[in-house]
Amino acid sequence: MFPKLQNHPFYITGESYAGKYVPALAYTIHLKKTANIEKVPINLKGVAIGNGLSDPLHQLKYGDYLYQLGLIDTNGLKAFHEAETEGTNCIKKRDMECAFNVFDRLINMDASPDGSLFNNLTGFDTYFNYLKTKDDMGDDILGKFLQSSSTRRAIHVGNNTFHDLSGQENKVEQHLKLDVMDTVAPWISELLKHYRVCIYNGQLDIIVAYPLTINYLNQLKFDGDDDYKKAPRYIWKVDGEIAGYAKETHNIVEVLVRNAGHMAPGDQPKWVMDMLLRLTHGKSMINTK
């Protein structure tokens with residue numbers, strides 16, 4: 001579909017549930033490449049995953065985070081810990097529907113008629129930025145962009161229906177229900193042997209918060225995992241501003257984007273652009289200038 005892009009360095013990036021999509025796409029390309037069965041050569045060089053749900057077993061740890069932020073008290077912390085233990089047990093038993101239901105009851109809000117524990121205890125209607133109680137992202141603008149004729153041509157979707165979620169059942173989530181709480185950690189471990197993997201988080205996110213991501217990375221087994229745990233963290237600056245913090249060793253790049261929520265590029269486009277350009281141009285995230 002994109003012959004002009006063949007042989008060019010190829011990077012895959014995305015956010016949130018792209019914590020599953022990005023590793024899945026990259027791992028598939030990698031397998032086809034190593035088996036020499038690619039019909040079209042794809043020159044995969046790296047991936048970037050933003051606020052990604054990749055390893056729920058080690059990311060389902062909201063209670064301590066929300067308590068430290070002051071959004072719940074000790075009673076709320078106890079309730080979160082009980083639900084987290086239940087969800088962890090479901091995952092370990094490979095009962096992913098049970099785990100999904102716990103996750104939904106805990107924080108997700110999508111299928112809980114009485115609201116999630118997070119919603120009931122905090123009053124928040126969004127979990128994308130803990131400085132905001134309501135979502136201000138323009139989904140209607142995104143919907144119009146995706147359905148425009150020029151975008152449809154560019155991404156080869158023809159006249160396929162775009163399923164907006166406004167007042168509708170989230171059919172995509174229902175189809176992925178058994179996948180939501182599963183892990184792609186083994187795929188990420190394999191990718192780290194061969195490609196640069198940038199994992200970044202907005203500082204203010206709740207649904208896939210930075211401490212939750214760090215928890216799964218500290219559990220991840222890959223070449224250089226000991227070095228990663230010992231690696232120093234550097235201040236990352238863009239045009240003299242503190243954009244965040246980064247650590248980098250072997251093929252892993254870990255980044256915190258300051259003053260950004262779940263949609264980090266929307267909150268801090270300039271800084272995230274700097275990060276992505278460093279990734280695609282083979283430049284280190286580590287600087288002190």
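The values are calculated or read from the model by the stated rules, or taken from the named source; none is laboratory data. The structure displayed is predicted, hence computed values, not measured ones. Cβ sites come from the backbone with ideal geometry, for glycine too, and all protein chains shown count toward neighbours. Ligands, DNA and RNA are excluded from the accessible area calculation, which covers all protein heavy atoms including side chains. Shrake-Rupley method; radii C 1.70, N 1.55, O 1.52, S 1.80 Å.
Residue pairs whose Cβ atoms lie under 9 Å apart, sitting 6 or more positions apart in sequence or on different chains, and linking a residue in the range 247-267 that is over 14 Å from residue 234 (Cβ atoms) to a partner that is among the basic types (Lys, Arg) and modelled with pLDDT under 95, are 261/132. On the basis of being of a type in the set (S, T, N, Q), at positive phi and either assigned to a helix (DSSP H, G or I) or open to solvent by 30 Å² or more (accessible area, probe 1.4 Å) (or both), does residue 101 make the cut? Criteria not met by residue 101.
Only one entry in 200, 245 is open to solvent by less than 10 Å² (accessible area, probe 1.4 Å) and among the hydroxyl-bearing types (Ser, Thr, Tyr), namely 200. Inspect all residues belonging to the range 51-62 and state whether any of them is over 30 Å from residue 195 (Cα atoms) and either at pLDDT 95 or above or open to solvent by less than 10 Å² (accessible area, probe 1.4 Å) (or both). Yes, the range 51-62 has at least one match. Restricting attention to the range 248-288, and to residues there that are under 19 Å from the mean Cα position of the chain (by Cα) and among the small types (Gly, Ala, Ser), which single residue is most open to solvent (accessible area, probe 1.4 Å)? Among residues in the range 248-288 that are under 19 Å from the mean Cα position of the chain (by Cα) and among the small types (Gly, Ala, Ser), the one most open to solvent (accessible area, probe 1.4 Å) is 266. Only residues that are surrounded by fewer than 19 Cβ atoms within 10 Å (Cβ to Cβ) and within 15 Å of residue 196 (Cα to Cα) were counted in the range 15-28, giving 2.
For residue 33, state whether it is touching a helix residue (DSSP H, G or I) at 6+ places or on another chain (Cβ under 8 Å), open to solvent by 80 Å² or more (accessible area, probe 1.4 Å) and of a type outside the set (Gly, Ala, Ser). Here the answer is no, as residue 33 does not meet what is asked.
Residue by residue, here is whether (1) at pLDDT 90 or above; (2) assigned to a helix (DSSP H, G or I); (3) small (Gly, Ala, Ser) holds:
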position	(1), (2), (3)
140	no, yes, no
143	no, yes, yes
152	yes, yes, no
166	no, no, yes
173	no, yes, no
177	no, no, no
189	yes, yes, yes
200	yes, no, no
211	yes, yes, no
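Against the numbered list (1) out of contact with any His (no Cβ under 8 Å at 6 or more places or on another chain); (2) more than 30 Å from residue 196 (Cβ to Cβ); (3) at pLDDT 95 or above; (4) outside any loop (DSSP other than H, G, I, E, B), residue 94 comes up short only at (4).
Of all residues in the range 65-84, those that are small (Gly, Ala, Ser) have Cβ atoms under 8 Å from Cβ atoms of residues that are open to solvent by 40 Å² or more (accessible area, probe 1.4 Å), 6 or more apart or on another chain, in 76/67; 76/117; 76/121; 79/117; 79/121; 83/105; 83/117. Just one of the listed residues (158, 115) is part of a loop (DSSP other than H, G, I, E, B), over 30 Å from residue 249 (Cβ atoms), at pLDDT 90 or above and not aliphatic (A, V, I, L, M), and it is 158.
Taking the range 219-236 as the range and being open to solvent by 60 Å² or more (accessible area, probe 1.4 Å) and either without any contact (Cβ under 8 Å) to a residue 40 or more places away in the chain or assigned to a strand (DSSP E or B) (or both) as the test, the residues that pass are 221, 223, 226, 227, 229, 230, 232, 233, 234, 235.
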